[in-house]
2 protein chains.
Amino acid sequence: MKSAKPSVVQARDAILQSALHEIERVGILGLRVADVAKGANCSITQIYRYFGDRDGLLAQVLGDLYQDILNVMTESFRSRVLSKPVIAVDDVLAALPTIFSGPAMRSQHLRLQILAVSVTNAPLRQRLEQISRDQSKVWNEGLDEIEQKLVTGQKFDRRVFTMLLANLLPFYRTLLGEDGFTNEEFLTFLRDKLTT
Amino acid sequence: MKSAKPSVVQARDAILQSALHEIERVGILGLRVADVAKGANCSITQIYRYFGDRDGLLAQVLGDLYQDILNVMTESFRSRVLSKPVIAVDDVLAALPTIFSGPAMRSQHLRLQILAVSVTNAPLRQRLEQISRDQSKVWNEGLDEIEQKLVTGQKFDRRVFTMLLANLLPFYRTLLGEDGFTNEEFLTFLRDKLTT
C-alpha cells in the first residue's frame, strides 16, 4: 500500500535522483536548484529544508558521486590483484585502468568538475577530504598486501602509487592528443619506477 | 586627446578586464555575462558581438589566464635552471615550485576550475590543447638543454617530467591534509626516480 504523501526519506531520495538526472542533462556546472525541484516534484523551499542551500545539495550529490567513482576503481583493482595468492609487478600493471582511454575519460571529467566545485563549496571540500583520507587507508592496506604476496626477489616501490598514481591527472595528457605519450610508454615508465 | 567613444580594441579590453575582475569577485563558476557588461560599461549584445557567446568570452579570458599561469611557472624554472653553465639533478629539484604550499594552491585552484569549464566549452578546450602542445615543445627544449649541460656521470630520466610532473594534480595531495606525504618526501621520491 502506497501512502499518498511521500515520506521524508522518499522525498529526499527523489531530490537526489533529480539532481543526478540534471547533472546528466546539463553538467555539474550548469545545475539549477529550480530544475532539480521541478524534476523531484517538490518546492525549492523543501530542497533548502533538507540540504540547507545549493552548496549543501551539491555537497551531498557530488560527494556521493565522487565516492562511487573511487569505489568502482578500487574494487576493480582489488578483485584483479589482491585475489591472487602471489603477486608480480606485471599483475599490478595489468590491473591499472587504461587511464587515457575514452571510457575512463568520462569519470575523469566528472572528478575534474567535482574538484573544481569543491574550491568554492566548503561542505563538499570537507566531504572530499574525508573520502580521500578513507581511500588512502584502503589503498595503503592494499599496498601492504601486495608487498606481503610479492614474488620473491622483486622490488615494489609503493611511492609510485601514493605519490604518482594517486595524484595523477590524465586529463593533461589528453589535451596533448597525438603529441602525448602512449599508454604503453606510460606502463614501461611505471614498471621501471616501481622496480628500481 | 581622448575620443568620446572607445575604440573596438578599448571596448574589447574593457570587457576582458571586467571579466577578470568578476572572476576575482565570484570565481570562475559563478561568472555572469550581465555583470561583466555592467563592469565594462557596455551592453550584453556588445559582448556577444565580440566573443560570440558566454563560452566564447570564457574561452578568451580563461585561455589567457591559463597561458599566464604556465608562463610564470616555466619562466621561473628556466631562469633558475637553464641560466647555469653546468646543471646537477639537485639544481633541477631546487627550482621546482613547492607544489603543496599555500601560494601555489591559488594557481592550482584556478587551473582546476579552467580545466573543469573546458569539459563543456569546446572553444576553451581547443585553446587549452593548443597551449599544452606549445608548452610541451618549450619543456622538451628545456629538457634537451638540461641533458646537454648535465654534470658528467649523472643520470637524468626526463620521463619524470613528461609523464609525472606534467600530469600531476597536487590538489589531491592537499585533500589529505596531515595524512599526506611531505614536500621533502616528495623531493626524495623525485630524486630517486630521476636518477635511476
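The values are calculated or read from the model by the stated rules, or taken from the named source; none is laboratory data. All values derive from a computational prediction rather than experimental measurement. Neighbour counts are summed over all protein chains in view; Cβ atoms, including those assigned to glycine, are modelled from backbone coordinates with ideal geometry. The protein model used for the area step is the full one, side chains on, heavy atoms only, and it has no ligands, DNA or RNA in it. Shrake-Rupley method; radii C 1.70, N 1.55, O 1.52, S 1.80 Å.
Which residue, B:Gln148, B:Ile28, B:Met73, has the largest displacement toward the positive end of the dipole of segment B:1-150 when charges sit on each Cβ (Lys, Arg +1; Asp, Glu -1)? In segment B:1-150, that residue is B:Ile28. Residues of segment B:166-189 whose accessible area (probe 1.4 Å, heavy atoms of protein chains only) drops by at least 40 Å² once all protein chains are present, relative to their chain alone: B:Asn167, B:Leu168, B:Leu169, B:Phe171, B:Tyr172, B:Leu175, B:Leu176, B:Asp179, B:Phe181, B:Phe189. Note that segment B:1-84 carries a Kirkwood radius of 14.3 Å, evaluated over its alpha carbons pair by pair. Relative to the longest principal axis of the Cα atoms of chain A, the long axis of helix A:183-195 lies at roughly 60 degrees.
Close Lys pairs in chain B (alpha-carbon distance under 23 Å; sequence gap of 8 or more, or different chains): 11. Estimated purely from DSSP H runs of n ≥ 4, each contributing -39500 (n - 2.57), the mean residue ellipticity at 222 nm for chain B is -22000 deg cm²/dmol once divided by its residues. With 5 Å bins beginning at zero, the pair-distance distribution over Cα atoms of segment A:125-196 amounts to 3, 13, 17, 21, 17, 14, 11, 4, 0 %. For segment B:1-148, the alpha carbon convex hull comes to 147 Å³ per residue, rounded to a whole number.
To the nearest 10 degrees, how steep is helix A:54-81 against the longest Cα principal axis of chain A, on a 0 to 90 scale? Around 30 degrees separate the two axes. Taking a cut-off of 20 Å, what percent of all Cα-Cα pairs in segment B:65-196 are separated by more than that? Counting every Cα pair in segment B:65-196, those more than 20 Å apart make up 50 percent. Contact order for segment A:75-196, expressed relative to its length and based on alpha carbon pairs under 8 Å spaced 6+ residues apart, stands at 39 percent. Charged side chains reduced to their Cβ positions (Lys and Arg at +1, Asp and Glu at -1) give segment B:1-106 a dipole of some 380 debye around its Cα centre. Heavy-atom accessible area buried between chains A and B is around 4100 Å² (1.4 Å probe, both sides summed). The orientation-averaged projection of the convex hull spanning the C-alpha atoms of segment B:73-128 amounts to 5.0 square nanometres. For B:Ile87, the residues 5 or more places off, or on other chains, whose built amide H falls under 5 Å of its own are B:Leu150, B:Val151. Applying 0.36 nm per residue to the separation of B:Arg191 and B:Val26 and subtracting their alpha-carbon distance, the gain on full extension is 55.4 nm. Counting pairwise Cα distances across the protein assembly as shown, what percent come out greater than 28 angstrom? Result: 55 percent of Cα pairs exceed 28 Å.
Between A:Gln67, A:Gln148, A:Gln113, the residue with the greatest mean-square fluctuation in the GNM of chain A (Cα pairs under 10 Å linked by springs) is A:Gln148.
Between identical copies, the spacing of A:Lys5 label points, each set 7 Å from Cα toward the C-beta atom, reads 6.3 nm from nearest to farthest.
Sparse packing (at most 15 other Cβ atoms within 10 Å of the Cβ) combined with a DSSP loop state is found for the following trypsin sites (Lys or Arg not before Pro) in segment A:134-174: A:Lys155, A:Arg158. Inter-copy label distances at B:Lys155, using a point 7 Å along Cα-to-Cβ, come to 0.9 nm with the shortest given first. In this structure, B:Phe77 and B:Asn41 have a Cβ-Cβ separation that, at R0 = 45 Å, corresponds to a calculated FRET efficiency of about 0.70.
With +1 on each Lys and Arg Cβ and -1 on each Asp and Glu Cβ, and nothing else charged, work out how big the dipole of chain A is about its Cα centre, in Debye to the nearest 20. Approximately 640 debye in magnitude. Would you mind checking the tilt of helix A:8-26 against the longest principal axis of the Cα atoms of chain A, expressed as 0 to 90 degrees and rounded to 10? Between helix and principal axis, roughly 70 degrees.
Inter-copy label distances at A:Asp144, using a point 7 Å along Cα-to-Cβ, come to 4.9 nm with the shortest given first.
Taking all protein chains as present, what is the carbon and sulfur share of the accessible area of chain A, in % to the nearest whole number, probe 1.4 Å? Using a 1.4 Å probe with all protein chains present, chain A comes out at 53 percent carbon and sulfur.
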